[in-house]
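Notes follow the structure.
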Amino acid sequence: MNFLEETIIKQGMVKEGNVLKVDSFLNHQMDIALFELMGAEWKKRFADKKITKILTIEASGIGIACIAAQNFGVPVVFAKKSKSINLEGEMYTAEVESFTHKKINTIIVAKKFLSPDDHVLIIDDFLANGCALQGLIGIVQSAGATVEGIGIAVEKGFQAGGQIIRNMGYQLESLAIVDSMNAETGEVFFREQ
Ligand code: 5GP
C-alpha cells in the first residue's frame, strides 16, 4: 500500500452516494508533508515530459498543484468557477458538472495565462466521472496548448472518468485508485498498481 492509500485507510471516511471524505488531509485541512510526497511522485511519473505550466481547478486542486509545481519549477494556473470582477480580458471557458454539488459551473481561465507554447500538466484531487478533467482539457485545447499528462490524487475506479480519459490517449497518473468502497463498513479497496 502506498503513502496515500495508507492515509485514506487511516483518515478517509466513506459517505453515502459514493463520496469519499478526505477533509482531514486534502479537502479542508491540508497535510503538506503528504502533498510533498504526492508532488515528488508525479515528478517521477512525468520525468520524461517537458512541463511549462500546471493547470488545476479551484478550490481543492490548488494546494496539491502548488506543491507539485515546486517539483517542476513552473507556475500554477487555476480555473475559476465564477466570474470575479478581477477577471479581465479574453477568457477560455468550459461547462463542468460538479459531482459533489450537482450543479453546472462555467470554469474560466484568462487567455493571457495559457498559450500555444505551453505544455500542461493537469492536476486535480479527485477523478469521478471525468467532467472536471474534460473541462480542463477543453480549455487547454482552446488555447492551442498541449496536455502532457494528468495527475490525480484519488481516482474512483468504479466510476467512468478514468476509462474515458485513458481512452482519449492521455497519460493519467492516479496515486490511489479506489476499486470499491462500502459506506456501511467504511472499507476502501484499492486497485493494485
Ligand atoms: P468528476 O468531474 O470527475 O465527476 O468529479 C471530480 C470532482 O468532483 C473533483 O474535482 C472533486 O472535487 C469532486 N469529487 C468527486 N468525487 C469525490 C469524492 O468522492 N470525494 C470528494 N471529496 N470529492 C469528490
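All of the numbers you see were taken from the coordinates with simple rules; none came from a lab. Since we're looking at a predicted model, the values are computed, not measured. Cβ sites come from the backbone with ideal geometry, for glycine too, and all protein chains shown count toward neighbours.
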## Note on the structure
Among strands (runs of 3 or more DSSP E) completely within the stretch 84-148, the ones holding 2 or more residues that are closer than 22 Å to residue 50 by Cβ and within 16 Å of the ligand (Cβ to nearest atom) are 119-127
### Task
Looking only at the stretch 159-182, count how many residues are farther than 28 Å from residue 114 by Cβ and away from the ligand (no atom under 11 Å from the Cβ).
5
## Note on the structure
Subset of the stretch 53-65, residues in contact (Cβ under 8 Å) with a residue 24 or more places away in the chain, outside any strand (DSSP E or B) and more than 10 Å from the ligand (Cβ to nearest atom), comes to 63, 64, 65
### Message
Test of understanding: among 10, 21, 53, 80, which residue is touching a strand residue (DSSP E or B) at 6+ places or on another chain (Cβ under 7 Å) and over 26 Å from residue 138 (Cα atoms)?
### Response
21
### Query
Under the condition of being over 14 Å from the mean Cα position of the chain (by Cα) and among the acidic types (Asp, Glu), which residue from the stretch 87-141 is surrounded by the most Cβ atoms within 10 Å (Cβ to Cβ)?
118
### Query
Within the bounds of the stretch 26-47, is there any residue that is in a loop (DSSP other than H, G, I, E, B) and either among the aromatic types (Phe, Trp, Tyr) or more than 30 Å from residue 185 (Cβ to Cβ) (or both)?
yes
### Test for residue 151: is it in contact with a helix residue (DSSP H, G or I) (Cβ under 8 Å, 6 or more places away or on another chain), among the small types (Gly, Ala, Ser), outside any helix (DSSP H, G or I) and surrounded by 18 or more Cβ atoms within 10 Å (Cβ to Cβ)
yes
### Task
Give the residue, chosen from 148, 192, 184, that is touching a Lys or Arg at 6+ places or on another chain (Cβ under 9 Å) and among the acidic types (Asp, Glu).
148
### Task
Sort out which residues of the stretch 67-79 are closer than 12 Å to residue 132 by Cα and away from the ligand (no atom under 14 Å from the Cβ), and write them in order of number.
none
### Message
Would you confirm, using the coordinates I've provided, whether residue 8 is in contact with a Leu (Cβ under 6 Å, 6 or more places away or on another chain), within 16 Å of the ligand (Cβ to nearest atom) and in contact (Cβ under 8 Å) with a residue 24 or more places away in the chain?
### Response
no
